[in-house]
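Working notes, beginning with the structure itself.
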Amino acid sequence: MAYDAKFKVWRGDADGGALQDYTVEVNEGEVVLDIIHRIQATQASDLAVRWNCKAGKCGSCSAEVNGRPRLMCMTRMSTFTEDETVTVTPMRTFPVIRDLVTDVSFNYVKAREIPSFTPPPGLEPGEYRMQQVDVERSQEFRKCIECFLCQNVCHVIRDHEDNKQAYAGPRFFIRLAELEMHPLDVADRRDLGQDDMGLGYCNITKCCTEVCPEGIHITDNAIIPMKERVAGHRYDPLVWLGDKLFRR
Ligand code: SF4
Ligand code: F3S
Ligand code: FES
């Protein structure tokens with residue numbers, strides 16, 4: 001049955017803005033993005049919203065719905081009661097461009113800092129085999145749709161803008177882990193992870209894992225193993241001795 005819902009949507013730009021009230025029709029089976037589109041079609045044609053697939057696969061429609069980071073296209077209106085006011089605001093960690101659209105270019109800068117897959121020299125395609133367990137590990141990390149909800153929720157940058165220079169965030173810790181644990185990759189990214197990407201700043205609050213729409217075990221399968229690798233590399237007395245002897 002159709003009903004009228006109360007929505008508050010943040011409208012504004014980099015200079016400031018405020019929540020605006022809308023009363024809008026909701027039909028059975030609809031998601032928050034449908035309602036935003038209806039507001040755009042009937043009441044606010046200049047409402048800015050980024051979206052693409054409406055199927056939870058492009059990662060474009062990230063926003064905060066009632067304060068929780070979510071994909072708008074995957075948030076069913078049946079999540080809320082009919083008399084509940086639904087508040088939609090842009091992701092807080094990134095600068096607002098307009099209304100619900102934020103500038104996520106921070107993430108692309110961080111992505112470029114990670115060296116790409118590096119197989120041993122001379123290894124031709126088809127000359128190697130991988131264990132299924134290694135394939136599955138990579139596949140979990142490669143499910144990432146780059147919605148940046150994990151980046152948005154991580155308190156290290158959400159509450160401390162000045163950490164952004166020194167912190168890559170959970171999305172890029174899984175990229176680091178994917179490459180670092182790849183059996184054929186010969187590059188060593190442990191120091192990069194610790195010194196330049198700020199792995200040590202993560203205090204394992206697991207908020208990133210909680211909001212990931214792809215269900216990637218970001219903390220348990222990527223961040224903690226990466227921290228262990230860094231600790232093993234840096235604080236193993238034999239490694240320390242080797243560094244001392246052979247660096248000279
Ligand atoms: Fe989104 Fe999950 Fe990828 Fe983070 S790891 S960007 S939450 S899909
Ligand atoms: Fe942030 Fe996730 Fe670590 S939310 S603090 S990266 S466990
Ligand atoms: Fe593509 Fe929502 S529109 S994930």
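The values are calculated or read from the model by the stated rules, or taken from the named source; none is laboratory data. As the structure is a computational prediction, the values presented were derived from the model and not from experiment. Here Cβ is always computed from backbone atoms with ideal geometry, including for glycine, and neighbour counts include all displayed protein chains.
A2 fails exactly one of the following numbered conditions: (1) surrounded by 11 or more Cβ atoms within 10 Å (Cβ to Cβ); (2) of a type outside the set (S, T, Y); (3) in contact with a strand residue (DSSP E or B) (Cβ under 7 Å, 6 or more places away or on another chain). What is the number of that condition?
Just one mismatch for A2, condition (1).
Which is modelled with pLDDT of 95 or more and among the hydroxyl-bearing types (S, T, Y), of S60, S116?
S60
If the requirement is being surrounded by 12 or more Cβ atoms within 10 Å (Cβ to Cβ), part of a strand (DSSP E or B), more than 16 Å from ligand 2 (Cβ to nearest atom) and touching a residue at least 60 places away in the same chain (Cβ under 8 Å), which of these qualifies: G59, G17?
Checking each option against the conditions leaves just G17.
For R171, work out the one condition from (1) within 16 Å of ligand 3 (Cβ to nearest atom); (2) of a type in the set (D, E, K, R); (3) more than 24 Å from I145 (Cα to Cα) it doesn't fulfil.
Checking R171 against (1) within 16 Å of ligand 3 (Cβ to nearest atom); (2) of a type in the set (D, E, K, R); (3) more than 24 Å from I145 (Cα to Cα), the one that fails is (3).
Within the set of pairs 6 or more residues apart or between chains, which connect a residue that is within 14 Å of F7 (Cα to Cα) and free of Cβ contacts under 8 Å to residues at least 60 places away in the same chain inside segment 69-80 to a residue that is within 14 Å of ligand 1 (Cβ to nearest atom) and outside any strand (DSSP E or B) with Cβ atoms less than 7 Å apart?
Hits for this filter: M72/C61.
Under 6 Å between Cβ atoms, at least 6 apart or on separate chains: pull out the pairs that start in segment 161-181 with a residue that is touching a residue at least 40 places away in the same chain (Cβ under 8 Å) and end on any residue that is within 15 Å of ligand 2 (Cβ to nearest atom) and outside any helix (DSSP H, G or I).
The qualifying pairs are A168/M197; G169/C154; P170/C154.
Considering every residue within segment 72-87, establish whether at least one is more than 16 Å from ligand 2 (Cβ to nearest atom), among the aliphatic types (A, V, I, L, M), surrounded by 13 or more Cβ atoms within 10 Å (Cβ to Cβ) and closer than 25 Å to F172 by Cβ.
yes
Provide a single number: the residues in segment 20-40 that are part of a strand (DSSP E or B) and either surrounded by 12 or more Cβ atoms within 10 Å (Cβ to Cβ) or in contact (Cβ under 8 Å) with a residue 40 or more places away in the chain (or both).
6
Condition first: assigned to a loop (DSSP other than H, G, I, E, B), β-branched (V, I, T) and within 16 Å of ligand 1 (Cβ to nearest atom). Now tell me which residues in segment 66-122 satisfy that.
Listed by number, the residues that qualify are T75, T93, V104, I114.
Taking segment 175-192 on its own, how many of its residues are within 22 Å of E127 (Cα to Cα) and among the small types (G, A, S)?
Of the residues in that region, 1 qualify.
Show the residue pairs meeting these rules: Cβ distance below 8 Å; 6+ apart or different chains; first residue within segment 193-217 and touching a residue at least 12 places away in the same chain (Cβ under 8 Å); second residue of a type in the set (D, E) and more than 8 Å from ligand 1 (Cβ to nearest atom).
The qualifying pairs are G193/E180; D196/E113; M197/E113; T209/D220; I216/E140; H217/E140.
Give D185, D134, D159, D196 a once-over and let me know the one that is in contact with a His (Cβ under 8 Å, 6 or more places away or on another chain) and more than 16 Å from ligand 3 (Cβ to nearest atom).
D134
Only one of C208, C147 is part of a loop (DSSP other than H, G, I, E, B) and surrounded by 13 or more Cβ atoms within 10 Å (Cβ to Cβ). Can you tell me which?
C147
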